Amino acid sequence: MMQGGWLLLALAACSKGTATGSIDAAPKDAKLTDSPPGVYAHRIMIDGIDDFLSGEQFPTTSAGYDARVTWDADNLYVGYSGADLDPATADTATKWLFIYIDVDPGTPNGSLVNETYNTQAATFPAGFRADFYARWKCDQTLVTLEQFTGTTAWTTVLVPPASRTGSFVELAIPRPTLGTSDKMNVVTWMINEKANAEGTYAGLYTGNFTDGYAANLMVSKFLKIDFAAARDPNDAANQGP
């Protein structure tokens, strides 16, 4: 295990690299001054310190686990807190955080289901088709952004900046990689893929699904992002479908 916010990364092709975990940041909790007037934007420094604002925080399906989502012109930022995000916790080698993204809502592009881990999979709600997903392994050995390539195939496109301190982790997903749409949908959750201990939990939004083992998890809620709007990320109007 490496310290100081640096992650040991293994790509899907089993090559290794490092992520610096650094993105130039505006002052803590500041909106970007170069964003168009009336557009929500908040730059996050990827340093393992929780800089997310109250309007960017979300409850999950699991007590003790919270999600954070925000964005600016350059990145989509996701943070998560909870005991299993600390590599010192048991079974972190089989536990994951997933961030699924629909970059063109309302089109037939993308997958209706997530990638299967061991025997667990999920079906997305109406109006959501996944084009990308970021994954962070809770033992800090793997973080990648995957892109759907048709049928059931996913391929690694990059290693997003990520950093963890204790039981908090944050990632930055570059918006240019996701395309130019002003609207995207996001759903997040965690799993344990360990044999005889499989389970899904910590889904974004309370009541999104019932925690526990599911060969086909039925996801019922997602976050609707409008990059041209002024609403806080956790505004009730942003909950979909």
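Once both labels are modelled 7 Å past Cα along the beta-carbon direction, what's the THR152-ASN196 spacing in nm?
About 2.6 nm, to one decimal.
If the label point is 7 Å along Cα→Cβ of ALA73, which residues in the range 156-174 have backbone nitrogen under 19 Å from it?
Counting backbone N atoms under 19 Å from the label point, the list is 173-174.
From the residues PHE227, GLY199, THR152, which one has its Cα farthest along the dipole of the range 136-229 in the positive direction, the dipole being from +1 and -1 charges on Cβ of Lys/Arg and Asp/Glu about the Cα centre?
PHE227
Could you give me the ³J(HN,Hα) list for the range 90-107, computed from phi with Karplus coefficients 6.51, -1.76, 1.60 and θ = phi - 60°, whole Hz, x at Gly and Pro?
Per-residue couplings from phi come out as 5, 6, 5, 5, 10, 10, 9, 10, 10, 10, 9, 10, 9, 8, 9, x, x, 9 Hz.
Looking at the range 41-236, what % of its DSSP beta bridges pair antiparallel, to the nearest 5? Please report the intermediate quantities before stating the final value.
Numbers: 56 of 58 bridges.
That works out to approximately 95 percent antiparallel.
Could you give the distance between the Cα centres of the range 205-241 and the range 124-152, to the whole Å?
16 Å
What ³J(HN,Hα) values, in whole Hz, does the Karplus curve 6.51 cos²θ - 1.76 cosθ + 1.60 give for the range 185-199 when θ = phi - 60°, with x put for Gly and Pro?
Working through the residues one at a time gives 10, 9, 9, 9, 6, 10, 9, 10, 9, 5, 4, 6, 9, 5, x Hz.
Pairs of lysines 8 or more apart, or on different chains, with alpha carbons under 23 Å: count those in the range 41-236, would you? Don't skip to the end; give the middle numbers.
Details: LYS95/LYS137; LYS95/LYS194; LYS95/LYS221; LYS137/LYS194; LYS183/LYS221; LYS183/LYS224.
Close lysine pairs found across the range 41-236: 6.
Chymotrypsin sites (Phe, Trp or Tyr not before Pro) within the range 193-239: which are DSSP loop residues with at most 16 other Cβ atoms inside 10 Å?
Details: sites: TYR201, TYR205, PHE209, TYR213, PHE222, PHE227; in loops: TYR205, PHE209, TYR213, PHE227.
Answer in residue order: TYR213.
Only the coordinates and a few stated rules stand behind these numbers; no lab work does. On a predicted model such as this, the values are computed, not experimentally measured, just so you know. Every residue, glycine among them, receives a Cβ derived from its backbone with ideal geometry; neighbour counts consider all protein chains shown.
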